[in-house]
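Here is the structure we will look at, set down as structure tokens.
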Amino acid sequence: MILVFLAFVACLATGAILRGGWTSRTKTTILGLDPQGLGISALSVAAAWVFFGPVLGLSLIAVVVIHEFGHVAAYRVIGHHDASFRLVPLLGGYAISSRAPATQEESVFVSLMGPAICLAPMVLAMALVPVAQTAFPPAAYPLFIFASVCGALNFFNLLPIWPLDGGRLTSTILTAYHERAPFYVLVTALALIGVFAVINQRLFLLFILLIGAQHIVQTGGSDGTPPYARMSKKRATLCLGAWLFTMAAFGWGGLAMILRFI
């Protein structure tokens, strides 16, 4: 009952926060329906199915689609009605807009709402697992896998590593406290990830490490966008709290999957 209540609250909160972002005033599409966009999307689904199996693979695709739509909806809330997203085979996806957010607050909102929109589906799926075990047992395992993938994938995405959303949040939020704070945090996170990747032989993490290191060398840890008026420390603290709460919630929901892969 507690999970059902939390799922209901999460759905209402998501709807309220993204009010105005579910639709667009223009005739743009969310996911490009051009031949290239459809082809890449089909390839992404096929690759996930082949490499991870039907349940895990389709769960990954579903989570990525929901996540990227969260970015698109957030873009629309701040007036970017041309926003859309693309899937990338075995690498997830990315949201695109014709212009960057106008303020640090908008940048945080767009970065955070990609993961945050997945909170409600994750909790709802977890709440439905015991119901499915009784009413329709074959659905229990896919629901559990979806919830675990939702938690683990978004938890990882919120870690302070560039170019993940957590790295963008680090570069945007922490400058309110100290100009060099993002640099120190990103370097420390990369060092820890590098040690973990070498010890556990995770080649994908080494790839992320190289991208993050290149970003730090080129930008010094900043988000690489035109200079913003720096947000106040009070607003930065609220943004930081929202980020850490969201990451903790996904860590709780995806703990089984996280432990499986570390």
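The values are calculated or read from the model by the stated rules, or taken from the named source; none is laboratory data. Computed from a predicted model, the values in this text were never measured in an experiment. No Cβ is skipped: glycine too gets one built from the backbone with ideal geometry, and neighbour counts run over all protein chains shown. All accessible areas refer to the heavy atoms of the entire protein, side chains included, with ligands and DNA or RNA removed. Shrake-Rupley method; radii C 1.70, N 1.55, O 1.52, S 1.80 Å.
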Quick one: PRO121 ticks every box in (1) within 17 Å of HIS71 (Cβ to Cβ); (2) touching a Phe, Trp or Tyr at 6+ places or on another chain (Cβ under 7 Å); (3) not aromatic (Phe, Trp, Tyr) bar one, so which box is it?
-> (2)
Is there a residue in the range 99-106 that is in a helix (DSSP H, G or I) and either among the charged types (D, E, K, R) or surrounded by fewer than 20 Cβ atoms within 10 Å (Cβ to Cβ) (or both)?
-> yes
So which pairs qualify, if the first residue must be in the range 8-23 and part of a loop (DSSP other than H, G, I, E, B) and open to solvent by less than 100 Å² (accessible area, probe 1.4 Å), the second must be of a type in the set (Ser, Thr, Tyr) and modelled with pLDDT of 85 or more, the Cβ gap must be under 8 Å, and the two must be at least 6 apart or on different chains?
-> GLY21/TYR75
Looking at ARG76, is it open to solvent by 40 Å² or more (accessible area, probe 1.4 Å) and either in contact with a Phe, Trp or Tyr (Cβ under 6 Å, 6 or more places away or on another chain) or basic (Lys, Arg) (or both)?
-> no
How many of the residues in the range 120-144 are open to solvent by less than 30 Å² (accessible area, probe 1.4 Å) and either of a type in the set (Lys, Arg) or in contact with a Gly (Cβ under 8 Å, 6 or more places away or on another chain) (or both)?
-> 2
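Does ILE208 meet the test of being crowded, with 16+ Cβ neighbours inside 10 Å, at pLDDT below 75 and not acidic (Asp, Glu)? Spell out the reasoning first.
Values: crowded, with 16+ Cβ neighbours inside 10 Å: yes; at pLDDT below 75: yes; not acidic (Asp, Glu): yes.
The answer is yes for ILE208.
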Would you be able to tell me the number of residues in the range 79-91 that are surrounded by fewer than 20 Cβ atoms within 10 Å (Cβ to Cβ) and in contact (Cβ under 8 Å) with a residue 24 or more places away in the chain?
-> 6
Can you find even one residue in the range 108-124 that is over 21 Å from ARG260 (Cα atoms), hydrophobic (A, V, I, L, M, F, W, C) and not in a helix (DSSP H, G or I)?
-> yes
In the range 44-60, what residues are surrounded by 22 or more Cβ atoms within 10 Å (Cβ to Cβ) and more than 13 Å from the chain's Cα centre (by Cα)?
-> SER44, ALA48, SER59
